[in-house]
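Enquirer: After the structure tokens below, expect a handful of questions from me.
The values are calculated or read from the model by the stated rules, or taken from the named source; none is laboratory data. Keep in mind it's a predicted model, so treat the numbers as computed, not measured. Heads up, the Cβs are rebuilt from the backbone with ideal geometry, glycines too, and the neighbour counts pull from every protein chain shown. Calculation scope for accessible area: heavy atoms of the full protein, side chains included, ligands and nucleic acids excluded. Shrake-Rupley method; radii C 1.70, N 1.55, O 1.52, S 1.80 Å.
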Amino acid sequence: MSDDVKVKVRGLTKKFGDLLVLDNISFDIKKGDFVCIVGPTGCGKTTFLNLLVKLLEPTSGQILIDNEPADPKKHNISFVFQEPSAFPWLTVEQNIQYGMKIKKLAPEVIKERTEEILTALGLSDVRNSFPRELSASMEQRVVIGRSFAMHPDLLLMDEPYAQMDIKVRYYLEDQVIKLWQQTGSTVLFITHNIEEAVYLSEKCLILTNKPATIREEKKIDLPRPRDIASEEFIELREYITKQIKWW
Amino acid sequence: MDSKEVKKWYYVLPIISILMFIVLWIFLSIPADSMIPSPKETWLRFADICVHPISQAILIVHIWSSLRRVLIAFAFAIFLGVLLGVGLGWSKTFYSIFDPVFELLRPIPPIAWIPLIILWCGIGELPKIIIVFIGSFVSIVLNTYAGIKDIDPLIINAGKVLGANKRQLLFEVALPATIPAILAGIRTALSSGWMCVVAAEMIAARQGVGFLIVQGQQSGDTALIVACMLVIGVVSMLMSTFLSKMEGVLCPWKFGKTK
């Protein structure tokens, strides 16, 4: 096995009582990769991410990060949930710094990265505002910033733009790509929006209906910035759509 | 009516409401055999007790006696109430051990404790403080507990995935998220605390606003009773306003404005 494998998932299975949600999933994610997981709604995508960050325990199987069992306390993992999850009592700036302070980074590093993130995400003007004073999309930007600020080895994103309108989504998708390229983080992005998956990822993991298994790993080797109207883009999008059809 | 005029009404209406209350009060106090003192009599009695002592103390000393009891009891109630509330909400083991006893004692009205506490502790300061403590403790515990339980799991999960350990989750995530609920509990506790201090003073005290009310009753001095009742109302209102301001200071993210 080559050394640049960041995440190794082997035989991952999750049952809730008798309900089998994930069935024997195995795959690898390379360091610095941007992988999207697509699948029908309710197929267990979120369960899968929750297993990765130990919010849930697998019924069987293993998740290894850098060849060690995944552990958010040991590994530098970050998670962006579907709903904005900024801490309401911290300002935008303090929210972005929170994860870095937990990891006890040096004050000058924290300061430098905070400035980078605030600038990159256009949040400098609201740095002293509280989440309550922001729109949902802006709050989600804060959460994304908080995650990238940690320069995570692995960043997990669970449909973070599901509730955004299309204009904001396009903007934030570009922001994420920019931050991914800047920080070199490995990103695992869950979405049910296939256009989003093709636009963002280097590789798409296509899941089947519940109990979910991997139907196919599809490499997306389109040049960036990607043109959603190009022939290759549409071809890939339609191909993946066909793969997740269960009817 | 445009919105500016509507706004003006919101300022005028409370004044009208108070004036109507005073008019009604005057009206009820007019009959010669009325047991209700007129506003003028009440005001004069109030002015009198501000300078002439009853039981060797002027009004402000009596107010301070009551207030001191409330504040001491409150300090203990807040400390222990928040501790118990957080314990009940945060730890299942703690909940299993303490909740049955708490649920058993909680419905007992604080005033029902008065006889027993007087028997145990006599009629000094301590029994009054204990009664106020009982009266305010429960709502602080319940609100803190509800506050911890109501924390959005998403926020706790966000803390977990950012790598916060159990101590950090409690002190840096759960507790800040619960402060508004704790403050709401303190506000509720304030009214029951005052109720208890007056009740305790009415039974056994030499100073305090409740003591003055009993003095009024024993000497048929209705003006003194009403003046003291109004004093209780005003002091409670001032404390409530102070707490509202404190909410803005302690939770700027919830009640204040940064822009």
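Enquirer: Among the numbered criteria (1) surrounded by fewer than 19 Cβ atoms within 10 Å (Cβ to Cβ); (2) at pLDDT 90 or above, which single criterion is violated by B:L224?
Expert: Condition not satisfied by B:L224: (1).
Enquirer: OK, next. Of the residues that sit in the range A:29-78 and are assigned to a strand (DSSP E or B), over 20 Å from A:N209 (Cα atoms) and open to solvent by less than 10 Å² (accessible area, probe 1.4 Å), which one is modelled with the highest pLDDT? Before you say what the answer is, go through the steps one by one.
Expert: Looking only at the range A:29-78, we keep the residues that are assigned to a strand (DSSP E or B), and these are A:29-30, A:34-38, A:60-65, A:68-69, A:77-78.
Adding the requirement that they be over 20 Å from A:N209 (Cα atoms) leaves A:29-30, A:34, A:62-65, A:68-69, A:77-78.
Right, trim to open to solvent by less than 10 Å² (accessible area, probe 1.4 Å) and you get A:29, A:34, A:65, A:77-78.
Numbers: A:I29: 90, A:F34: 93, A:I65: 87, A:I77: 82, A:S78: 84.
Here the residue is A:F34.
Let's see how each residue does on (1) facing chain B (nearest Cβ under 8 Å); (2) not acidic (D, E):
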residue	(1), (2)
A:D66	no, no
A:H75	no, yes
A:F79	yes, yes
A:V92	no, yes
A:Y98	yes, yes
A:I102	yes, yes
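Enquirer: For the range B:140-150, which positions are under 16 Å from B:R106 (Cβ atoms) and crowded, with 23+ Cβ neighbours inside 10 Å?
Expert: Passing the criteria: B:I140, B:V141, B:N143, B:T144, B:Y145.
Enquirer: B:W120: in contact (Cβ under 8 Å) with a residue 24 or more places away in the chain, aromatic (F, W, Y) and farther than 28 Å from B:F242 by Cα, yes or no?
Expert: Criteria not met by B:W120.
Enquirer: Same structure, new question: I'd like to check something: does the range A:136-146 contain any residue that is open to solvent by 50 Å² or more (accessible area, probe 1.4 Å), within 13 Å of chain B (Cβ to nearest Cβ), in contact with a strand residue (DSSP E or B) (Cβ under 7 Å, 6 or more places away or on another chain) and not in a strand (DSSP E or B)?
Expert: Checking the range A:136-146: not a single residue is open to solvent by 50 Å² or more (accessible area, probe 1.4 Å), within 13 Å of chain B (Cβ to nearest Cβ), in contact with a strand residue (DSSP E or B) (Cβ under 7 Å, 6 or more places away or on another chain) and not in a strand (DSSP E or B).
Enquirer: Here's something else I'd like to know. Looking at B:A177, B:A227 in this structure, which one is more than 11 Å from chain A (Cβ to nearest Cβ) and small (G, A, S)?
Expert: Exactly one of B:A177, B:A227 is more than 11 Å from chain A (Cβ to nearest Cβ) and small (G, A, S), namely B:A227.
Enquirer: Sticking with this one: Residues that are among the charged types (D, E, K, R) and surrounded by fewer than 11 Cβ atoms within 10 Å (Cβ to Cβ): which helices (runs of 4 or more DSSP H) entirely in the range B:1-118 hold 1 or more of them?
Expert: Values: elements: B:3-29, B:39-51, B:59-90, B:92-105.
Passing ranges, in order: B:3-29, B:92-105.
Enquirer: Among the listed residues B:M229, B:M237, B:M195, which satisfies the condition of being of a type in the set (A, V, I, L, M), more than 17 Å from B:I60 (Cα to Cα), open to solvent by 60 Å² or more (accessible area, probe 1.4 Å) and in a helix (DSSP H, G or I)?
Expert: B:M195
Enquirer: Which of (1) within 22 Å of B:P153 (Cα to Cα); (2) surrounded by fewer than 18 Cβ atoms within 10 Å (Cβ to Cβ); (3) away from chain A (no Cβ under 11 Å) does B:T188 not meet, given it meets every other one?
Expert: (1)
Enquirer: Here is a further query. Return the pairs, sorted by first residue and then second, in which the second residue is in a helix (DSSP H, G or I) and open to solvent by 70 Å² or more (accessible area, probe 1.4 Å), the first residue lies in the range B:235-254 and is within 13 Å of another protein chain (Cβ to nearest Cβ), the beta carbons are less than 8 Å apart, and the residues are 6+ apart or on different chains.
Expert: Matching pairs, first to second residue: B:W253/A:R132; B:K254/A:R132.
Enquirer: For the range B:151-174, what are the residues that are part of a helix (DSSP H, G or I), open to solvent by 20 Å² or more (accessible area, probe 1.4 Å) and within 10 Å of another protein chain (Cβ to nearest Cβ)?
Expert: Step one: of the range B:151-174, the residues part of a helix (DSSP H, G or I) are B:153-161, B:166-174.
Pick out the ones that are also open to solvent by 20 Å² or more (accessible area, probe 1.4 Å) and you get B:153-154, B:156-157, B:160, B:166-168, B:170-172.
Listed by number, the residues that qualify are B:P153, B:L154, B:I156, B:N157, B:K160, B:Q168, B:E172.
Enquirer: What are the pairs with Cβ atoms under 9 angstrom where one residue, in the range B:52-70, is on the phi > 0 side of the Ramachandran plot and the other, located anywhere, is open to solvent by 40 Å² or more (accessible area, probe 1.4 Å) and of a type in the set (S, T, N, Q)? Sequence gap at least six, or different chains.
Expert: Matching pairs, first to second residue: B:S55/B:Q207; B:S55/B:Q215; B:Q56/B:Q207.
Enquirer: Tell me, please, whether a residue that is more than 13 Å from chain B (Cβ to nearest Cβ), among the hydroxyl-bearing types (S, T, Y), out of contact with any Lys or Arg (no Cβ under 7 Å at 6 or more places or on another chain) and in a helix (DSSP H, G or I) can be found in the range A:147-164.
Expert: No, the conditions are met nowhere in the range A:147-164.
Enquirer: Answer yes or no as to whether A:S124 is facing another protein chain (nearest Cβ under 9 Å) and under 20 Å from A:Q175 (Cβ atoms).
Expert: Considered against the rule, which asks whether it is facing another protein chain (nearest Cβ under 9 Å) and under 20 Å from A:Q175 (Cβ atoms), A:S124 comes out as no.
Enquirer: Among the residues of the range B:205-221, which ones are open to solvent by 20 Å² or more (accessible area, probe 1.4 Å), small (G, A, S) and in contact (Cβ under 8 Å) with a residue 40 or more places away in the chain?
Expert: Scanning the range B:205-221 gives a single hit, B:A205.
Enquirer: So, B:T178, is that one at pLDDT 90 or above and assigned to a helix (DSSP H, G or I) or not?
Expert: On the way: at pLDDT 90 or above: yes; assigned to a helix (DSSP H, G or I): yes.
In short, yes.
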